[in-house]
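Q: After the structure tokens below, expect a handful of questions from me.
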Number of protein chains: 2
Amino acid sequence: MITIKEVARHAGVSMSTVSYVLSGKRTISEETKRRVEQSIVALGYHPNAGARALASNRSQVLGLVVPLRSGVNMPVIMQFVASIVASARDHDYDVLLLTKEAGPGEAHRVTARSMTDAVIVMDVESDDPRIPELRTVDAPVVLLGMPDDHEVLSCVDLDFATAGRQMAGHLADLGHSSIALIGSPPAVYERGTSYAARLLAGFRGEAGKRNLQASVHPCEPGYDSVAACLDEVLAPGRDTTGLVVHNEAILGTLLLELRRRSLDVPGDLSVITLCPDDVAENLPVPLTSIAVPAQELGAIAVEMVMARLAQEHAPEVRLLQPQLTDRGSTAAR
Amino acid sequence: MITIKEVARHAGVSMSTVSYVLSGKRTISEETKRRVEQSIVALGYHPNAGARALASNRSQVLGLVVPLRSGVNMPVIMQFVASIVASARDHDYDVLLLTKEAGPGEAHRVTARSMTDAVIVMDVESDDPRIPELRTVDAPVVLLGMPDDHEVLSCVDLDFATAGRQMAGHLADLGHSSIALIGSPPAVYERGTSYAARLLAGFRGEAGKRNLQASVHPCEPGYDSVAACLDEVLAPGRDTTGLVVHNEAILGTLLLELRRRSLDVPGDLSVITLCPDDVAENLPVPLTSIAVPAQELGAIAVEMVMARLAQEHAPEVRLLQPQLTDRGSTAAR
DNA sequence: CGGCGGAATGGGAGCGCTCCCAGAGCATTA
DNA sequence: TAATGCTCTGGGAGCGCTCCCATTCCGCCG
């Protein structure tokens, strides 16, 4: 293994000079810098991460707690992960993958051992049992998702309440008076998944304010449950004309089933959903939707971590405002 | 930060004794071990990963190169990832997430810097451009997937050729004489994705041997392309009665479309697929399938890495034999 | 001509751990 | 009694880096 010492000798400078060339933490003459860089290439030197971490007390690694549980939509999760990894790399950080299943102690473990300088936690729940424990983590922690108790930790999320309001409002604006929300599987609501609950609250609130008839239907993936769900929604007498869907996994099935029932979108039924843009675009019928800005949320989470790594910060909540894109799947009534 | 020195003082022993209690690399009397462990808990000691890595020349971290590209099925990828993380933790290893997009130098980078002790690379292609570069990585490398040039690196994969043969053979055994393979998107074949090509070869080989009419149809996700694909497959005169599907993403859509066309499975059309068991079970019609044993493949990859970390090993290829589960979606002709 | 400020570099302690090299204490054997 | 073999423990060098504390060498001012 080539060490910094050998590079120094090869370049005819001291170890400290090589170190400073690498870190840029003090000015080095052009001439010296060039010589050092040549030696680094010539010898094939790569700094040893362990030694660097030990001496500098920085690991240049971020812990990422990822949920791998049922009900969450894996492609969406992966968009977040990809965005976080890319953003982290932009800051010269790597990402250590921690799975929620391995227990809530994971964030603590990697942090206490100085394996990571900070932790990002995905898929936080309203009343997440991990929160108290995360507070004791002696490193910056940023949550993707917003717990009820969000005064104590920094978090980033889409403003799902506003999203719920917007979608109900959008349908109300178009003259619909009876609408339905088809949501995530019951389990998601039961465990108090924050975003689901907030969207639901926004939806109900706006529906109430606008005097809409509004029903809510949690829905499992799978054809049968989608069909059953539609049976409820479209029950005679209900006169549902507008549909809000908050469940990426069933969108395709739902639209096919509507087609099978010879229901036109948006002729017979207006449909609006919340999902990543590329999903909304590639459905049998492109859907008017509010985007899940995974890319952006991931990048912001990383930025927040970096800010907290650079200096002490108070907890901060960032809610991204929803962006509605009309793709013609909703129509005036 | 509590160090090993403080633990040693607290327990009235030397640093080395604490270290050996922790690593178990030499026998320590029960009494001493107990005292040390008590001190560790009392002081809240956590070994510093950087220092440990520096001194022991082991990072206890595994690099995992994950593809985040289109066409691959994210839920399946995540099954692999989850399995690898869990298996790694069983061996007291953590997982550093590397994305293929970040460039093929990633494996090299983390390895040269001693950030990771070994690397697992997912979604390897037949003629993968990363192979030559991976050969120069100075650490164990295990591939999930099998490149053409598989003499030089260790790899684990399902025996897709046999799987292709089995599926064609299964239909032949049932008396079908005209069958079709609905595959992954064209892009997957075009970039020479190893598993797709091998399954295809097995399928064609067996079909030839058994004198079957066999057609092949790459298929994009999305309703329209599935419908178009079915139009081809079911074109009059073709008399296709058996369908092999190798594309997790379209299974749901495909079955719904068959239902829409009033084609019964398996009455009118026998369908067999290759996908994770939980997917096959939860479709509108449960499908007879060959499982993608993500759990097992991930675990084996980790085992192979650990074996190579323990001692030098020659490259080794492990192909898991496919396991066919009959769920009644295929019938005799 | 001495003193001074600024720019460029060198020296090396110390980060927290592992593991080699002993040494101490005791029982067993010659 | 001395030698030998065990078992258990201690001491501390050294892993490769960072960053504090100098030192050197200028040009410039008074």
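The values are calculated or read from the model by the stated rules, or taken from the named source; none is laboratory data. As the structure is a computational prediction, the values presented were derived from the model and not from experiment. Glycine gets a Cβ as well: all are built from the backbone with ideal geometry, and neighbour counts include every protein chain shown. Note: areas computed on protein heavy atoms with side chains; ligands, DNA, RNA excluded. Shrake-Rupley method; radii C 1.70, N 1.55, O 1.52, S 1.80 Å.
Q: Suppose accessible area is computed on protein heavy atoms with a 1.4 Å probe; arrange A:SER262, B:SER19, B:SER194 from highest to lowest. Walk me through the numbers before you get to the answer.
A: Numbers: A:SER262 95, B:SER19 50, B:SER194 0 Å².
These residues rank, largest area first, as A:SER262, B:SER19, B:SER194.
Q: I want the local charge near A:ARG333. Using Cβ-Cβ distances under 12 Å, sum +1 for each Lys or Arg and -1 for each Asp or Glu among the other residues.
A: Details: positive: none; negative: A:ASP173, A:ASP239, A:ASP268.
Local charge sum for A:ARG333: -3.
Q: Counting only helical runs of four or more DSSP H residues, what would the 222 nm mean residue ellipticity of the protein assembly as shown come to if each run contributes -39,500 (n - 2.57) and the total is spread over all its residues?
A: Values: 28 runs with 296 residues, N = 666.
Value at 222 nm, helices only: -13500 deg cm²/dmol.
Q: Could you go through region B:87-92 in sequence order and give the Karplus-derived ³J(HN,Hα) for each residue, using 6.51 cos²θ - 1.76 cosθ + 1.60 with θ = phi - 60°, rounded to whole Hz, and x for Gly and Pro?
A: Calculated HN-Hα couplings, in order: 5, 4, 4, 4, 9, 6 Hz.
Q: Follow-up. Report relative contact order for region B:4-47 in percent, whole number only (criteria: Cα-Cα under 8 Å, sequence separation at least 6). Write out the running numbers ahead of the final one.
A: Details: 35 pairs, mean separation 18.6, N = 44.
That works out to 42 percent.
Q: Another question, then. Share of region B:160-292's accessible area from carbon and sulfur, percent, 1.4 Å? Present the calculation step by step, with values, prior to reporting the outcome.
A: Working: 2280 of 4760 Å².
Looking at region B:160-292 in its full context, I get 48 percent from C and S.
Q: Of chain B, which part is the longest with no GluC sites (Glu not before Pro) in a loop (DSSP not H, G, I, E, B) and with at most 14 other C-beta atoms within 10 angstrom? Spell out each step's value before the answer.
A: On the way: sites that count: B:GLU151, B:GLU312, B:GLU316.
The answer is B:152-311.
Q: How large is the translational diffusion coefficient of the protein assembly as shown in µm² per second when you combine the Kirkwood radius over alpha carbon pairs with Stokes-Einstein at 10 °C and 1.306 mPa s? Each step should come with its number before you reach the end.
A: On the way: Rh = 27.6 Å.
In µm²/s, the coefficient is 58.
Q: Ok, one more. Evaluate region B:4-47: find the radius of gyration of its Cα atoms, find its Kirkwood radius, and give the ratio Rg to Rh.
A: 0.90
Q: How shielded is A:294-302 by partner chains, expressed as the average number of their Cβ atoms within 10 Å of its Cβ atoms?
A: Details: counts 0, 0, 0, 0, 0, 0, 0, 0, 0.
The shielding value for this peptide is 0.
Q: Return the value, in Å² to the nearest 100, of accessible area buried between chains B and A (probe 1.4 Å, both sides summed). Please list the in-between numbers first.
A: Working: alone 15720 and 15650 Å², together 27790 Å².
The buried area between B and A, both sides summed, comes to about 3600 Å².
Q: All other residues with a Cβ under 12 Å from the Cβ of B:ILE28 taken together, and with Lys, Arg as +1 and Asp, Glu as -1, what is their net charge? Don't jump to the answer; show the numbers that get you there.
A: Values: positive: B:LYS25, B:ARG26, B:LYS33, B:ARG34, B:ARG35; negative: B:GLU30, B:GLU31, B:GLU37.
Here the count lands on +2.
Q: Long-range amide H contacts for B:CYS155: which residues qualify at under 5 Å (H placed 1.01 Å from N, peptide plane, sequence gap of 5 or more or a different chain)?
A: Amide H neighbours of B:CYS155: B:LEU143, B:GLU316, B:VAL317, B:ARG318.
Q: Along its three principal axes, how long is chain B when you only count alpha carbons? Whole Å, largest extent first please.
A: 87, 38, 32
Q: Report the full-extension gain for the segment B:GLU303 to B:HIS91: residue separation times 0.36 nm, less the Cα-Cα distance, to one decimal in nm. Mind showing how you got there, number by number?
A: Details: separation 212, 0.36 × 212 = 76.32 nm, distance 0.90 nm.
Additional length available on full extension: 75.4 nm.
Q: Semi-axes of the equivalent ellipsoid of region A:268-333: what are they in whole Å, largest first, if each equals the square root of 5 times a C-alpha gyration tensor eigenvalue?
A: Details: eigenvalues 248, 29, 7 Å².
Semi-axes (√(5λ), whole Å): 35, 12, 6.
Q: Moving to a separate point now. Which residues, if any, in region B:189-237 lose at least 40 square angstrom of accessible heavy-atom surface (probe 1.4 Å) when the other protein chains sit next to their chain rather than the chain being alone?
A: Correct list: B:TYR223.
Q: Send over the semi-axes of region A:160-292's equivalent ellipsoid, whole angstrom and largest first, taken as the square roots of 5 times the C-alpha gyration tensor eigenvalues.
A: In descending order, the three semi-axes are 19, 17, 15 Å.
Q: Residue by residue, what Karplus-based ³J(HN,Hα) values in Hz, rounded to whole numbers, does region A:269-280 have, using 6.51, -1.76 and 1.60 with θ = phi - 60° and x for Gly and Pro?
A: Going residue by residue, I get 8, 8, 10, 9, 9, 10, 6, x, 4, 5, 5, 4 Hz, with x marking Gly and Pro.
Q: Continuing with this model, one more query. Taking the Cβ of B:GLU257 as the centre, find all other residues whose Cβ is under 11 Å away and add up their charges (Lys, Arg: +1; Asp, Glu: -1).
A: Details: positive: A:ARG259, A:ARG260, B:ARG259, B:ARG260, B:ARG261; negative: B:ASP224, B:ASP231.
After counting each charged neighbour, the total is +3.
Q: Let me know the mean shielding of A:58-69 by other chains, meaning the per-residue number of their Cβ atoms within 10 Å of its Cβ.
A: Working: counts 1, 5, 2, 5, 1, 1, 1, 0, 5, 0, 7, 0.
Averaged over the peptide's residues, the number is 2.
Q: Pull up all non-local amide H partners of B:VAL245: gap of 5 or more, or a different chain, and H-to-H distance under 5 Å with H placed in the peptide plane.
A: Distant-sequence amide H within range of B:VAL245: B:ILE182, B:ILE272, B:THR273, B:LEU274.
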